Amino acid sequence: MAMAMTPLQIRQKQYAQFLIAGCPRLGIPGLHAVSASAIVGNATQENQVQPITSGAKDHGSDGTMQWRLGRLTDMEDWCTENFGTWKTLEAQAAYTVMSCKRDYPNLWADLEEAAKSIETLTADFCDIYESPAKSTENLEGRIAAANSTRVLLLMPNIPGPAKPNGVLPKPPVMPPNVARNTGTATAAVVAGGAVAAHTAGAPWWVVGALSVIAMGSIGAVILNEMNQNKRMAVPVEPAPSTPPPPQRLPPTPTVFPTPPIIPPGRPPETTPNPMEPNPTPFPPAPTPTITSQPKQTAFPPKGETK
């Protein structure tokens, strides 16, 4: 049975999915799950991934990344122009990617490549994009939140109110050259996340889930290698072709015998014609004539002499 997510976990997963999906209609590319999790880890520390600050604002800061002054105005204007409002996770996720690509090209190149560890990407985003005071940055908490988000993305999707219509965006499919080493990379990242989460004092279920996922990823890599070797050793036979359907011959027509033609003046046949409805009866045989003759006695009567 799937574990129910807290409101914070729902926002973390939704924000990461928006970062992964990007915004094609605006030409904003999507990010790898590791890079998206690093950004969400910072948003968790900044404002608990809330698009609108609840309670007192820190020097007028607002949004998931606690933008302020000119950056806050730029975010509100850009999101309102392209999404109709700036108060949604979808709009602010798109602005985060756009502004990072526009203002911090080196950081964007690392996020787009996603070759560094999730801890390094989280720390770089904190130092370059957020630039908080060292006394309040809480880098360990940001990294722990980034690893927790990575685990949430690997878990089965639990519906939540991502949009007004309640539809969660689907992460894009990784190309083959990226997905080829996903199992090994995931195992390494998640195993490191489990250690970092334990060190940062994360809940027990987060550390346990990270450990289980790391072991499962390693097992998946081993099984995948075994299956690939098996497929290489055994040639795949082509599927047998389907024979054509049997041809149906047309039915043989019934041929009736042609009745004989009797020329005029010829006497009827002695054998009746079966094709005539009332065959002509045979003519009556002639009755033989019997002529009576006188009775002759072979011997003379008694007493008479011959």
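The values are calculated or read from the model by the stated rules, or taken from the named source; none is laboratory data. These figures come from a predicted structure and were not determined experimentally. Cβ atoms come from the backbone with ideal geometry, glycine included; neighbour counts cover every protein chain shown.
For the stretch 2-28, filtering for residues that are surrounded by 12 or more Cβ atoms within 10 Å (Cβ to Cβ), assigned to a loop (DSSP other than H, G, I, E, B) and either aromatic (Phe, Trp, Tyr) or over 22 Å from the mean Cα position of the chain (by Cα) (or both) leaves 1.
Only one residue in 75, 65 is among the aliphatic types (A, V, I, L, M), assigned by TED's automatic domain parsing to the domain that holds residue 116 and in a helix (DSSP H, G or I), so which one is that? Only one candidate qualifies: 75. As a summary of the residue check, residue 93 satisfies the conditions (1) modelled with pLDDT of 95 or more; (2) outside the structural domain of residue 152 (by TED's automatic domain parsing); (3) not acidic (Asp, Glu) except for the one numbered (2).
State which residue is nearest to residue 20 (Cα to Cα) when the search covers only the stretch 43-59 and only residues that are in a helix (DSSP H, G or I) and within 33 Å of the chain's Cα centre (by Cα).
Ranking the qualifying residues of the stretch 43-59, first place goes to 43.
Considering only residues in the stretch 83-134 that are under 18 Å from residue 148 (Cα atoms) and of a type in the set (S, T, N, Q), the one that is surrounded by the most Cβ atoms within 10 Å (Cβ to Cβ) turns out to be 122.
Scanning the stretch 127-142 for any residue that is under 22 Å from residue 17 (Cα atoms) and among the small types (Gly, Ala, Ser) turns up at least one such residue. Of the residues that make up the stretch 137-147, is at least one within 21 Å of residue 29 (Cα to Cα) and part of a helix (DSSP H, G or I)? Yes, because at least one residue in the stretch 137-147 is within 21 Å of residue 29 (Cα to Cα) and part of a helix (DSSP H, G or I). Looking across the stretch 98-131, the residues that are free of Cβ contacts under 8 Å to residues at least 24 places away in the same chain and touching a Cys at 6+ places or on another chain (Cβ under 7 Å) come down to 107, 108.
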